[in-house]
Amino acid sequence: MPSFEENVELLTLNTFHIQARARYLVRISSMADFIKLLDTDIYQQNKILFLGGGSNVLLTQDFDGLIVKNEIKGITILTQDASTIVVKVGSGENWHEFVLRSVQNNWGGIENLSLIPGTVGAAPMQNIGAYGVEAKETLEAVEAVDRKTGEIRIFNAEECKFGYRESIFKHDVKDQYYITGVTFRLTVNNHKLNISYGAIRDVLKNNQVEHPTIKDVSEAVIAIRKSKLPDPAVIGNAGSFFKNPSIAPEKVDSIRQRHATVPTFPGEHGLTKVPAGWLIEQCGWKGKTFDGIGVHKDQALVLVNYGGGKGNDIWNLAMKIKESVKEKFDIDLHPEVNII
């Protein structure tokens with residue numbers, strides 16, 4: 001039977017370092033553990049919050065229910081040929097550690113996703129992405145358990161309906177499945193490196209790397225992220241708080257008439273993405289602090305807790321930022337972080 005903890009302090013289980021408590025917490029280390037959990041009274045009689053690395057949540061209050069902490073580990077090679085390797089990864093594995101292991105083994109395809117916080121199970125949920133690469137490009141399948149029946153289902157990449165920070169798990173089947181494993185197809189030679197982002201090229205050039213490897217790209221991404229983003233172990237944060245909005249090209253033209261240097265990059269369905277951090281910075285929020293919380297001094301997209309901040313205060317700050325961007329640019333910002 002699962003072992004339940006009661007009245008659990010959550011400060012160390014969320015990267016925002018918000019002080020809150022949960023009525024119950026259970027740690028899941030295998031699919032079998034989760035299936036057994038479904039038959040327990042505590043699971044059936046309480047509201048549920050699934051927690052991985054705690055890097056994509058903002059706790060605004062105590063949680064009067066059961067937190068299911070994902071600790072499903074393991075990396076298994078399923079198949080390998082001359083060009084690719086297929087690996088199944090436990091959903092509770094730390095994402096960055098999986099990337100580092102892949103790079104060490106010369107498995108290519110996810111090196112641009114280095115240093116993204118969270119667990120592997122969040123990769124298909126969010127279709128995580130960075131520096132021109134998204135998880136969907138290497139993701140082969142998602143193993144999940146029906147939260148009501150305990151039946152196991154395998155979703156192929158097409159069935160996951162990936163979009164920009166979107167998937168079927170956030171919409172069509174939201175709250176219906178618990179992800180237990182993710183399968184990736186990675187390259188073992190002739191890697192197709194993506195160094196299209198200028199920042200990566202600049203780091204490689206500064207390091208005098210003329211023929212980069214996947215390790216070179218990974219190290220460049222890590223250096224860039226460390227230079228721009230605060231370490232959650234030092235300053236509480238959940239990374240990018242808002243998604244980059246996709247807007248119509250004509251609206252971009254309108255903004256460009258007032259801000260000639262507005263940065264843009266291609267979006268889906270003919271839309272254009274504008275960096276949310278740039279919009280927030282233009283509204284004057286970058287580096288602002290308010291009673292222990294604020295907007296990071298180097299990256300306006302990151303809201304931070306300098307110590308002792310409350311989740312509600314961070315959420316109220318986020319809403320003020322959202323309102324100011326709407327007023328100045330007529331663009332709606334949407335949180336990337338889950339608000340609890």
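The values are calculated or read from the model by the stated rules, or taken from the named source; none is laboratory data. Nothing here was measured: the structure is a model prediction, and the numbers come from that model. Glycine gets a Cβ as well: all are built from the backbone with ideal geometry, and neighbour counts include every protein chain shown.
One table, with the values for the structure above:
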| quantity | calculated |
| --- | --- |
| Complete set of residues in the stretch 160-196 that are over 23 Å from Val337 (Cβ atoms) and either loosely packed, with under 15 Cβ neighbours inside 10 Å or of a type in the set (Phe, Trp, Tyr) (or both) | Phe184, Asn189, Asn190, Lys192, Ser196 |
| Subset tally (residues that are modelled with pLDDT under 85 and among the small types (Gly, Ala, Ser)) for the stretch 251-307 | 3 |
| Condition check for Tyr197: hydroxyl-bearing (Ser, Thr, Tyr) and touching a helix residue (DSSP H, G or I) at 6+ places or on another chain (Cβ under 7 Å) | no |
| Selected residue (criterion: surrounded by the fewest Cβ atoms within 10 Å (Cβ to Cβ)) from residues of the stretch 3-59 that are under 20 Å from Gly309 (Cβ atoms) and of a type in the set (Gly, Ala, Ser) | Ala20 |
| Residue identified as over 19 Å from Leu333 (Cβ atoms), touching a strand residue (DSSP E or B) at 6+ places or on another chain (Cβ under 9 Å) and aliphatic (A, V, I, L, M) among Val209, Val234, Val252, Val182 | Val182 |
| From Ala199, Ala223, residue being surrounded by 15 or more Cβ atoms within 10 Å (Cβ to Cβ), within 26 Å of Val89 (Cα to Cα) and not β-branched (Val, Ile, Thr) | Ala223 |
| Selection count, the stretch 48-89, where residues are within 23 Å of Leu303 (Cβ to Cβ) and part of a strand (DSSP E or B) | 7 |
| Hey, Thr180 closer than 20 Å to Trp107 by Cα and hydroxyl-bearing (Ser, Thr, Tyr) or not | no |
| Residue, surrounded by the most Cβ atoms within 10 Å (Cβ to Cβ), within the stretch 249-281, restricted to residues that are of a type in the set (D, E, K, R) and within 24 Å of Ala318 (Cα to Cα) | Lys273 |
| Answer residue from the stretch 60-79, given it is of a type in the set (A, V, I, L, M) and in contact (Cβ under 8 Å) with a residue 40 or more places away in the chain and is surrounded by the most Cβ atoms within 10 Å (Cβ to Cβ) among those | Ile72 |
| Test for Val209: is it buried (at least 19 other Cβ atoms within 10 Å of the Cβ) and more than 28 Å from Val142 (Cβ to Cβ) | no |
